[in-house]
Amino acid sequence: MSLDVLSVPSSEKVPARADVVVIGGGIIGIATAYGLIKKGLSVVVVEKGRVAAEQSSRNWGWCRKQNRDERELPLIKASLDQWEQIQLDTGRDMGFRRTGITYVSDRPADMAAWESWNQMARGYDVDSRMLSSVEAKAMALPAEGQWLGGCTSSSDGRAEPGIAVPTLALLAQEQGLIILQNCAARGLERSAGRVSGVVTERGSIQTNAVVCAAGAWSAMFARHHGLALPQAGVYSTSMRTEVAPEVISGGLSLPGLTIRRRLDGGYTLGLAGRGRVELSPQGMKYARAFWPTYKARKEGVKIRAGKSFFRGPEAFRQWSAQQVSPFEEVRVLNPAPDLSLVREAEETLARYVPALAGVRVIESWGGFIDNTPDAIPVIDEIQSCPGFYLSTGYSGHGFGIGLAAGQLTADLVAGDRPIVDATAFRYSRFFDGSDLGKPGMM
């Protein structure tokens with residue numbers, strides 16, 4: 001894998017027992033384990049590949065309140081505080097900086113959406129504000145355009161995906177967390193109707209609580225135990241440039257392009273709302289649930305045939321606890337980037353930011369974003385399988401809210417007062433007739 005991700009040591013011995021087993025070593029799994037360790041519980045993280053090797057190191061690195069689904073606002077406010085506090089308390093740098101994020105646009109529809117969002121967000125005491133055309137031109141420099149306006153928040157920030165999650169994992173290991181890498185969870189064990197253990201490829205771990213934070217692989221794991229989880233994946237493309245002049249210190253969203261300054265002196269580039277969906281059994285099963293989201297975002301999405309029908313997180317597979325599972329067949333999901341999007345990003349950067357014209361993209365990568373029908377996560381205990389918790393379906397928003405989402409998951413597992421109200425993230429909403437509302441802005 002080419003992405004630069006800080007290495008985390010792995011434990012060799014599989015413990016016989018733990019208070020909690022967390023499946024998945026991405027930001028949600030590691031943040032959950034960190035929160036549980038801080039509560040004094042014994043915790044094991046089982047990761048089929050490497051810590052943060054999939055979407056947790058492939059995102060843009062934005063930590064934002066702005067233009068986020070209203071239901072996630074309490075989580076992101078708490079998470080931003082945690083990003084800052086953990087660095088202060090531990091003296092360890094996760095790459096988090098409150099350098100601000102600014103959006104500008106020449107599209108009336110964007111301005112209307114941002115105005116509506118800012119009116120809603122006033123009730124949550126956030127510092128985002130609308131920008132006039134003159135202010136947008138000043139805030140977006142050196143980007144050039146005939147901006148109608150924009151919005152900005154000075155307290156939004158950025159972090160380094162390849163550093164943040166591994167650093168948090170190392171901090172948790174120092175407090176007793178056991179991390180088993182290249183060790184897939186094959187299934188649950190149950191006794192008297194509730195979870196009693198996890199079967200891994202290297203042996204069983206007895207436990208009374210299991211958290212599935214497996215990202216794109218969560219629906220496959222749940223389905224193996226007869227649990228439905230509406231989930232659909234979108235293949236994304238992101239990239240980084242060579243070292244370049246610091247003309248932008250934080251995050252900037254332009255029409256068709258996002259830019260984030262990196263600690264290494266380059267920029268991470270992304271294309272909002274652009275991606276590829278491959279036909280798959282899982283996608284076909286939940287197509288009706290995702291139809292409203294597809295209609296709202298179809299302009300930027302390509303639908304293709306590919307390997308997803310037979311291999312990967314959306315294939316329908318069966319296996320036993322004694323067999324090699326699909327998770328072992330794909331240790332790290334490493335999709336190829338869409339090179340046409342890379343070229344488009346380079347051209348858009350040169351057009352809007354002349355000061356960076358000629359700056360080369362030196363690495364691009366593919367990601368796989370796990371989505372739910374309403375584009376917010378599931379954070380809940382599954383009532384039909386006591387002791388089994390889902391913390392998944394973060395729909396491309398998980399990095400910024402990850403620390404507080406992990407804390408919320410840990411609170412639910414421990415039976416403590418939750419950091420925020422978890423009602424909106426309940427699993428049952430997909431099946432009880434609840435109005436899921438419209439997916440929030442990306």
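No value in this document is a laboratory result; all are computed from the given coordinates. Model, not experiment: these values are computed from the prediction. Glycine also receives a Cβ, built like all others from the backbone with ideal geometry; neighbour counts cover every protein chain displayed.
GNM remark for the chain: springs join alpha carbons under 10 Å apart, and the peak mean-square fluctuation among Leu341, Leu227, Leu73 falls on Leu227.
The Cα-based radius of gyration and maximum Cα-Cα distance (Dmax) for the stretch 66-125 are 14.7, 45 Å.
With each label modelled as a point 7 angstrom along the Cα→C-beta vector, the Ala109-Asp4 pair spans 3.7 nm.
Rounded to the nearest 500, the 222 nm mean residue ellipticity of the chain from helices alone is -8500 deg cm²/dmol, with -39,500 (n - 2.57) taken per DSSP H run of at least 4 residues.
Over all other residues within a Cβ to Cβ distance under 12 Å of Ala78, the charged ones net out to -3, with Lys and Arg as +1 and Asp and Glu as -1. Between Ala121, Ala192, Ala53, the residue with the greatest mean-square fluctuation in the GNM of the chain (Cα pairs under 10 Å linked by springs) is Ala192. The alpha-carbon of Lys137 sits under 26 angstrom from the alpha-carbons of these lysines, leaving out residues fewer than 8 places away in its chain: Lys65.
What is the Cα centroid distance between the stretch 38-83 and the stretch 278-318, reported in whole angstrom? Spelled out, the Cα-based centre of one part sits 25 Å from the other.
Rg and Dmax, both from the Cα atoms of the stretch 112-258 and both in Å, are 22.8, 66. Each listed q (0.14, 0.15 Å⁻¹) maps to a log10 I(q)/I(0) for the stretch 138-198, found by the Debye formula over equal Cα scatterers with no solvent: -0.73, -0.77.
In the set (1) 35; (2) 6; (3) 10, the label that goes with percent of Cα pairs over 42 Å apart computed for this structure is (3). Using only alpha carbons, the stretch 218-285 has a radius of gyration to Kirkwood radius ratio (Rg to Rh) of 1.20.
Subtracting the Cα-Cα distance of Thr90 and Trp291 from their residue separation scaled by 0.36 nm leaves 67.9 nm.
Comparing mean-square fluctuations of Ala112, Ala287, Ala350 from a GNM of the chain with C-alpha springs under 10 Å, the top value falls on Ala112.
Stokes-Einstein, applied to the Kirkwood radius of the stretch 176-218 over Cα pairs at a viscosity of 1.306 mPa s and 10 °C, places its translational diffusion at 141 µm² s⁻¹.
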